[in-house]
Amino acid sequence: MSKNYIKSLTFKELEEYCKEAGFPKFRAEQIFRQIYFSGANSFDDMKLITQDIKTKLKEDFEYNSFTETKKFISIDKSVKFLFTLQDGNKIEAVYMPWFSDDDEDKMERTTLCVSSQIGCALDCKFCATGTMDLKRNLETHEIVSQVLEVEKEIGEKITNIVYMGMGEPMLNYKNVVNSIKILSDLKFPKIARKKITVSTSGVIPKIYKLADLEKPVKLALSLHATTNGVRDKIVPLNQKSNISELMDAIEFYYRKTNLPITYEYIPFENLNDTDDDAKRLAKISKRVPSRINLIPFNDISFTKPEGIAAELKATSKEEIQRFYTQIRNYGGVVTVRDTFGSDIDAACGQLALSDKES
Ligand code: SAH
Ligand code: SF4
C-alpha cells in the first residue's frame, strides 16, 4: 500500500497518530509547527524533532507533493505557478499581491488562488478549465502544498486564499474541507477562516453542508445570469436545479454563518448585461448581505471554443461601467474585479495548463 502524505493530516489526526506511535503529546504541535509555520522542506529539515521520531515519520509518510515548480511572472506582479504532481499531472495556482492605494510599495495582502481538481467536469461555456475533462480530484496534501510552496518561492506569507483555481471545490468536498481545517486549524491557524473563500458554480447540497463547518469560510457563488434560460446555457449545472433553489441555499448559508456572500458575474454582450439583468441582479443580491463582483470576461480563444462558447463576447469596459451604475441604482453593492495575470494566461477561467514560457 502506498504511504499517506503528512500534509493530508489535520492537527487532530496528527495528534492521534502521535498518540498511537507513542510520542509525547507535545510532539504533534511541534511537528505541525515545523510543517506549516517554519517551512520545513523535509522530515530531516525539521528542527527540535528527535532522530527516532523523524525515522518513524519517514517510514509512515511521504513529505513532498510536487516534483517540479515553474513560475510565470506577470507585468502586474501576479505570479502563475505550475506544479507537477507525483503522478506527472500538472496543476496551477495564482499568487496576487495587493498594494496600498496610498503607497504602491506597501503590500496590504497576498491572495493565493488555489486549484481543487485537475480539470473540471462542469463545462461552463466561458471557462478554459471547463474545456478539459475532469482528470481527478486533488488530494488534501496537494491543495495544502500549493500554499506552502508559493510562500517558499515568493518569500511572503499568504494572507488570503480563494478556491477559484482549476476545478469545482464542492465536488471535491472532503479534501477541500480538510485543507481548510489544516490551513486554518482552530488552535493553530495559519490563515484566518474569514480570509478563505470557497467559490462554487452552485452545487446546492454542498452549500448546505459547508454551512455546518464549525468555524465558517466565505462563500462566493458564480451566478453569471439572472434567468434560468441564460444560466442553463452557460452554466450547464443549472439545468439540474434553478436559480430559486440556489438562492434558498445561499440564504441558508448566510443565516448560518453570518458572512456576506459574493456573487461573481461575467457580463456578456447581448446576453446577460441589460437593464433588466441589472434590476434582477440587484434584487437577487439584496436577499442577504452581499457584494456583486463583475468579472471582465477573459479571452479563452486559445481553447478553440465551439457552439455557444464561441459566440460569447465580452461586454466592453464602458458598457460594464454602465451595467455597474445600473446595479448600484437598483440598490446592489457592486465592484468590478481587478484582473490579474492576463498576459500569462493566469486570469480567471484561463487556467488550462498553457505551459508556454513567457
Ligand atoms: N468552479 C468554481 C471555482 C473556479 S472558477 C466556480 O465556478 O466558481 C473561478 C471563477 O472564475 C468563477 O467565478 C468563474 O465563473 C470565473 N471564470 C471562469 N472562466 C472565466 C473567464 N473566461 N473569464 C472570467 N472569469 C471566469
Ligand atoms: Fe468548472 Fe468553475 Fe470552470 Fe465552471 S467555472 S467549468 S465550475 S472551474
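The values are calculated or read from the model by the stated rules, or taken from the named source; none is laboratory data. Because the structure is predicted, anything quoted here is derived from the model rather than measured. Note that we place each Cβ from the backbone using ideal geometry, even for glycine, and neighbour counts take in every protein chain shown. Side chains included, ligands, DNA and RNA excluded: accessible areas come from the protein's heavy atoms. Shrake-Rupley method; radii C 1.70, N 1.55, O 1.52, S 1.80 Å.
Taking segment 213-247 as the region of interest, how many residues are open to solvent by 40 Å² or more (accessible area, probe 1.4 Å), of a type outside the set (Val, Ile, Thr) and not in a helix (DSSP H, G or I)?
Count: 4.
Taking Ala310 as meeting all but one of (1) at pLDDT 95 or above; (2) not in a loop (DSSP other than H, G, I, E, B), write down the number of the exception.
(1)
When you scan segment 45-84, how many residues do you find that are part of a loop (DSSP other than H, G, I, E, B) and of a type in the set (Lys, Arg)?
So the count comes out to 2.
Any idea which of Met107, Met46, Met96 is more than 16 Å from ligand 1 (Cβ to nearest atom) and crowded, with 17+ Cβ neighbours inside 10 Å?
Met46
Only one of (1) within 16 Å of ligand 1 (Cβ to nearest atom); (2) farther than 30 Å from Val150 by Cα; (3) part of a loop (DSSP other than H, G, I, E, B) fails for Asn270. Which number is that?
Result: Asn270 fails condition (1) only.
The rows are residues; the columns are (1) within 16 Å of ligand 2 (Cβ to nearest atom); (2) open to solvent by less than 20 Å² (accessible area, probe 1.4 Å); (3) closer than 15 Å to Thr226 by Cα.
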site	(1), (2), (3)
Ile261	no, yes, no
Phe268	yes, yes, yes
Thr274	no, no, yes
Lys283	no, no, yes
Ile308	yes, no, no
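For the condition of a type in the set (Lys, Arg), surrounded by fewer than 20 Cβ atoms within 10 Å (Cβ to Cβ) and part of a loop (DSSP other than H, G, I, E, B), what is the one hit in Lys157, Lys174?
Answer to the check: Lys157.
Between Asp105, Asp123, which is without any contact (Cβ under 8 Å) to a residue 40 or more places away in the chain and either away from ligand 2 (no atom under 16 Å from the Cβ) or in the same structural domain as Phe268 (by TED's automatic domain parsing) (or both)?
Asp105
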